[in-house]
1. Based on this model, can you work out whether ALA156 counts as buried (at least 20 other Cβ atoms within 10 Å of the Cβ) and out of contact with any strand residue (DSSP E or B) (no Cβ under 9 Å at 6 or more places or on another chain)?
2. Being part of a helix (DSSP H, G or I), under 24 Å from the mean Cα position of the chain (by Cα) and either on the phi > 0 side of the Ramachandran plot or buried (at least 18 other Cβ atoms within 10 Å of the Cβ) (or both), is that true of even one residue in region 202-218?
3. Can you name the condition, by its number, that SER270 falls short on among (1) in contact with a Ser or Thr (Cβ under 6 Å, 6 or more places away or on another chain); (2) modelled with pLDDT of 85 or more; (3) within 18 Å of PHE212 (Cα to Cα)?
4. Identify all residues within region 221-264 that are modelled with pLDDT of 80 or more, exposed (fewer than 13 other Cβ atoms within 10 Å of the Cβ) and of a type outside the set (A, V, I, L, M, F, W, C); write none if there are none.
5. Restricting attention to region 80-89, does a residue exist that is over 24 Å from LEU164 (Cα atoms), assigned to a strand (DSSP E or B) and either at pLDDT 95 or above or touching a helix residue (DSSP H, G or I) at 6+ places or on another chain (Cβ under 7 Å) (or both)?
6. Test PHE215 against the criterion of being touching a Leu at 6+ places or on another chain (Cβ under 6 Å), of a type in the set (A, V, I, L, M, F, W, C) and farther than 30 Å from LYS115 by Cβ, and give yes or no.
7. Out of region 97-155, which residues are assigned to a helix (DSSP H, G or I), free of Cβ contacts under 8 Å to residues at least 60 places away in the same chain and closer than 16 Å to ASP184 by Cα?
Amino acid sequence: MKVLYVACNADISKPLLLERDINEIQRRVGHLTQDEVEFIFLPHIYLEDLPSAISKYRPTILHIAAHGDETGVSFANSAQREVLLTSEHLKAFLDNEHPPYIVYISACNSSELAKDIGDTVPISIGTSAPITNRAARSAAINFYDRLINGGSIQNAFRVGKAILEAESEPTKATSLMYCREGVDPLSTRLVQIPEIVARFSEEKYKPNKNGFYNFDLGVVGCPKTLIQVVFFTDDQSFITENSDDEADLCLVVRDTPVRQTIWSNNNWSSYADFRLYASCVTADGKIISISSSLYDGLDLWYRRFNPASRGNPLTTPLELALKKLKECDGAGFEIGSI
């Protein structure tokens, strides 16, 4: 996710406190790698430089912080003269081969502007009334914080909206989001955090003659520098007499992720749900620890990530297999071919 934060305080008698906004956002995202999230700050940009900045950086989110009213937002030009950025101007600036996915307008009375550009970008966000610097900053920071931590756009918007409304009680200001037809903010995530997933091997949803299901383990949202994943469980009932703890409890995967996803090369077998953990190691020495369960990993994959089932009801055989695993909550684990 790349965020281009542009701002202009054309009216110096009404300070925007831009440095405070930028410092707080940087503090929130400082622990993330450059590959995951990138913020580009242009806090004093002139209006005539905005089109080239959008084309140059190709942001996922264009964040505009400025003073505004129902007709547009105020910018300054290179002659230090205050000029109005209208919806027609902004649509012309955004009309290129790589428009932002979201335009977030942090300005007073910016909902009409956000609505007017709704045919140019998938999602636009604005406010319905005058807002304070504090309310605008708090709403934006919480919006980005939720996105950065893997939340959906809808979830991030709801959090930011709630903060804005709480901070703007006298004016009754609120945030409004406009989505182009076919865009689903509830299922769209711009940052994918590492999570354990599982899938039935060869998409076979029926157990074998011994009542065991075969499944593969994976991690989605992997960093590009990932080099190794160790899957393991802490349930000691999986330990067999003629083997060692490592062979019974662990599965090591040494590979590179494809589209932020990595899968085990060997399958495991189980008739019941059980606890799962993954320790991910990157080439630069970063270690990421994740916890889940077999059922949650399967449910996550088939409901959110699997291309065949995403957005569609789960098939009956798949639902029955998930139900049976969940009902048999506990150990009962067999190592497949390792």
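1. Considered against the rule, which asks whether it is buried (at least 20 other Cβ atoms within 10 Å of the Cβ) and out of contact with any strand residue (DSSP E or B) (no Cβ under 9 Å at 6 or more places or on another chain), ALA156 comes out as yes.
2. No, region 202-218 contains no residue that is part of a helix (DSSP H, G or I), under 24 Å from the mean Cα position of the chain (by Cα) and either on the phi > 0 side of the Ramachandran plot or buried (at least 18 other Cβ atoms within 10 Å of the Cβ) (or both).
3. Only one criterion in (1) in contact with a Ser or Thr (Cβ under 6 Å, 6 or more places away or on another chain); (2) modelled with pLDDT of 85 or more; (3) within 18 Å of PHE212 (Cα to Cα) is unmet by SER270, namely (1).
4. LYS224, ASP234, ARG254, THR256, ARG259
5. Yes, some residue in region 80-89 is over 24 Å from LEU164 (Cα atoms), assigned to a strand (DSSP E or B) and either at pLDDT 95 or above or touching a helix residue (DSSP H, G or I) at 6+ places or on another chain (Cβ under 7 Å) (or both).
6. Details: touching a Leu at 6+ places or on another chain (Cβ under 6 Å): no; of a type in the set (A, V, I, L, M, F, W, C): yes; farther than 30 Å from LYS115 by Cβ: yes.
So PHE215 does not fit the description; no.
7. Keep residues of region 97-155 that are assigned to a helix (DSSP H, G or I), which gives 111-116, 133-148, 153-155.
Narrowing further to those that are free of Cβ contacts under 8 Å to residues at least 60 places away in the same chain: 112-113, 116, 134-135, 138-139, 142-143, 146, 153-155.
ILE153, GLN154, ASN155 - these are the residues of region 97-155 that are assigned to a helix (DSSP H, G or I), free of Cβ contacts under 8 Å to residues at least 60 places away in the same chain and closer than 16 Å to ASP184 by Cα.
The values are calculated or read from the model by the stated rules, or taken from the named source; none is laboratory data. Since this is a predicted model, take the numbers as computed values, not measurements. All Cβ positions, even for glycine, are placed from backbone atoms using ideal geometry, and neighbour counts span all protein chains on display.
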